[in-house]
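Supplied in structure tokens, the structure appears directly below.
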Amino acid sequence: MTFFSLTSRHLIRNAGKFTSCSVAASRRTLATSAFPAPRLFDYETVTSNLSVADAIESVESAFGALAKGEVDVPMPMHIGIHETAAAGPGDCHIKGGYVSGTKTFTVKLACVSFYKNLEKNLPAGSGVFIVVDAVTGAPLAVFQENRFMTDLRTGAAGAVSLKYTTGPEDDLTIGFIGCGAIARNMARAAKAVRPNFKGVAYGLAGAEEFAADMSAELGLDFQVAKSSAELCGMSNVIFTQTPGGNTVLELNDLRPGTTIIASGSDQPTKQEIPVDVLKASKYISDLTKQTSKVGELRSALKEGAMTEADVYAELGELVNGKPGREGDELIVVDLTGTGAQDAAIGQVAWDKLSAL
């Protein structure tokens, strides 16, 4: 009885406080429910309204901000879907970021390597971008991009890399090892910053189609190489964008003054560039804390051929004024894809498509 009486008196004494808390909770519920539902932009809308050219300026700016510490970009999250009778195989990557001073931030979910989809006439990759109001924290839009926006921002990073490691008057022959969707965006992006290059293509599949399509679309000469070695001998810039399971070129095949822009490695199991090439290069990362874990740098660190002190610069440092090419040195740019790029293309997509 004593306990009941004390508890009763306590409840009566604090009844006003409970009532106030209940009212505040109700107001919070009402405020939360007052957010409008995020807009959904389907794949057709996204692909028909965005191009890699839309992304280059914003991605360049985001890299500059990243190098200044003005981007909150956590390490990527990876979910492996191992093959069982119920699911898989496949991988899910979650990235995101916020560029200080911008109106939105972005979280991206990208699903890749679901190869059994091909048996169902479905693509092996899919994904969505969620663009969020940086003032209220409310989701503004979901973009069903199925890796299209991811490939655009990767292409834009390639353009930024090319811009700061070559000169506008250089006579460029650009090789593409791997001839899929990313290679097409790299070619389009290269055209935007270096309009008069010659192209060379090599891949285990699709090189002839890639060369013909890009030649027609960009109005430039594209050839097909018979081997990686032949491509390297013809090229002073090389984009690599393969699944990254095996290295794709050799040091002895490279011409002096070559720039390699590698974008195939984004997991600890991948490697496109041999360790001796990395060691011999002026090495530039998109974000060293990522490339040391999931990029090309990881393999050189593992073998003891390089340390993080051997990283010449992050790409954003070049944007902010650090010299890129200074002679006939070999340059490797290691692109693993950053949340800063996702934030940049997310803002571009919202600015352009929200007016529709």
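What pairs come out if I take residues in the stretch 289-308 that are surrounded by fewer than 16 Cβ atoms within 10 Å (Cβ to Cβ) and pair them with residues that are of a type in the set (S, T, Y) whose C-beta lies under 7 Å away, six or more apart or interchain?
From residues that are surrounded by fewer than 16 Cβ atoms within 10 Å (Cβ to Cβ), the pairs are E308/T288; E308/S292.
Scan the stretch 162-174 and report the pairs whose first residue is in the same structural domain as A189 (by the TED database) and within 14 Å of S235 (Cα to Cα) and whose second residue is of a type in the set (F, W, Y) and not in a loop (DSSP other than H, G, I, E, B), with Cβ atoms within less than 9 Å and a gap of 6+ or a chain change.
Going by the 9 Å Cβ cut-off, the qualifying pairs are L162/F239; I174/F239.
A follow-up question, please. Any idea how many residues of the stretch 313-326 are surrounded by fewer than 18 Cβ atoms within 10 Å (Cβ to Cβ) and on the phi < 0 side of the Ramachandran plot?
5
Sort out which residues of the stretch 53-87 are buried (at least 17 other Cβ atoms within 10 Å of the Cβ) and out of contact with any helix residue (DSSP H, G or I) (no Cβ under 6 Å at 6 or more places or on another chain), and write them in order of number. Quick ask: steps written out before the conclusion?
Going residue by residue through the stretch 53-87, those that are buried (at least 17 other Cβ atoms within 10 Å of the Cβ) are 54-56, 58-67, 71, 73, 76.
Listed by number, the residues that qualify are S61, A65, P76.
Now a separate question. Would you tally the residues in the stretch 175-212 being touching a strand residue (DSSP E or B) at 6+ places or on another chain (Cβ under 6 Å) and without any contact (Cβ under 8 Å) to a residue 12 or more places away in the chain?
Number of matching residues: 0.
Does L50 qualify as being in contact (Cβ under 8 Å) with a residue 60 or more places away in the chain and open to solvent by 30 Å² or more (accessible area, probe 1.4 Å)? Give the steps one after another, and end with the answer.
Values: in contact (Cβ under 8 Å) with a residue 60 or more places away in the chain: yes; open to solvent by 30 Å² or more (accessible area, probe 1.4 Å): no.
It is false that L50 is in contact (Cβ under 8 Å) with a residue 60 or more places away in the chain and open to solvent by 30 Å² or more (accessible area, probe 1.4 Å).
Continuing with the same structure: Restricting to the stretch 328-352, and then to whatever is outside any helix (DSSP H, G or I) and either among the hydrophobic types (A, V, I, L, M, F, W, C) or on the phi > 0 side of the Ramachandran plot (or both), can you tell me which residue is surrounded by the fewest Cβ atoms within 10 Å (Cβ to Cβ)? So that I can check it myself, show each step before the final result.
First pass over the stretch 328-352, keeping only residues outside any helix (DSSP H, G or I): 328-338.
Applying the additional criterion that residues be either among the hydrophobic types (A, V, I, L, M, F, W, C) or on the phi > 0 side of the Ramachandran plot (or both) yields 330-333, 335, 337.
Details: L330: 18, I331: 22, V332: 26, V333: 29, L335: 31, G337: 23.
Among residues in the stretch 328-352 that are outside any helix (DSSP H, G or I) and either among the hydrophobic types (A, V, I, L, M, F, W, C) or on the phi > 0 side of the Ramachandran plot (or both), the one surrounded by the fewest Cβ atoms within 10 Å (Cβ to Cβ) is L330.
OK, next. If you scan the stretch 287-316, which residues turn out to be part of a helix (DSSP H, G or I) and either in the same structural domain as V71 (by the TED database) or under 18 Å from the mean Cα position of the chain (by Cα) (or both)?
Going through the stretch 287-316, the residues part of a helix (DSSP H, G or I) turn out to be 288-294, 296-302, 308-310, 315-316.
Answer for the stretch 287-316, where residues must be part of a helix (DSSP H, G or I) and either in the same structural domain as V71 (by the TED database) or under 18 Å from the mean Cα position of the chain (by Cα) (or both): T288, K289, Q290, T291, S292, K293, V294, E296, L297, R298, L315, G316.
Go through the stretch 147-173 and report how many residues are crowded, with 18+ Cβ neighbours inside 10 Å, modelled with pLDDT under 95 and assigned to a loop (DSSP other than H, G, I, E, B).
Within the stretch 147-173, residues that are crowded, with 18+ Cβ neighbours inside 10 Å, modelled with pLDDT under 95 and assigned to a loop (DSSP other than H, G, I, E, B) number 1.
Only residues that are within 17 Å of D342 (Cα to Cα), open to solvent by 20 Å² or more (accessible area, probe 1.4 Å) and charged (D, E, K, R): list them for the stretch 88-140, please.
K95, K103, D133
Please pick out the residue among G80, G64, G69 that is outside the structural domain of A187 (by the TED database) and on the phi > 0 side of the Ramachandran plot.
Answer to the selection: G69.
Six or more apart or on different chains, Cβ atoms under 9 Å: show the pairs whose first residue is in the stretch 35-47 and over 15 Å from S126 (Cα atoms) and whose second is open to solvent by 90 Å² or more (accessible area, probe 1.4 Å).
Taking only residues 6 or more apart or on different chains, the pairs are T45/L356.
The values are calculated or read from the model by the stated rules, or taken from the named source; none is laboratory data. Quick caveat, the model's predicted, so the values are computed rather than measured. Every residue, glycine as well, gets a Cβ built from its backbone with ideal geometry; the counts of neighbours run over all protein chains shown. When the accessible area is computed, the model is the full protein with side chains, heavy atoms only, and any ligands, DNA or RNA have been set aside. Shrake-Rupley method; radii C 1.70, N 1.55, O 1.52, S 1.80 Å.
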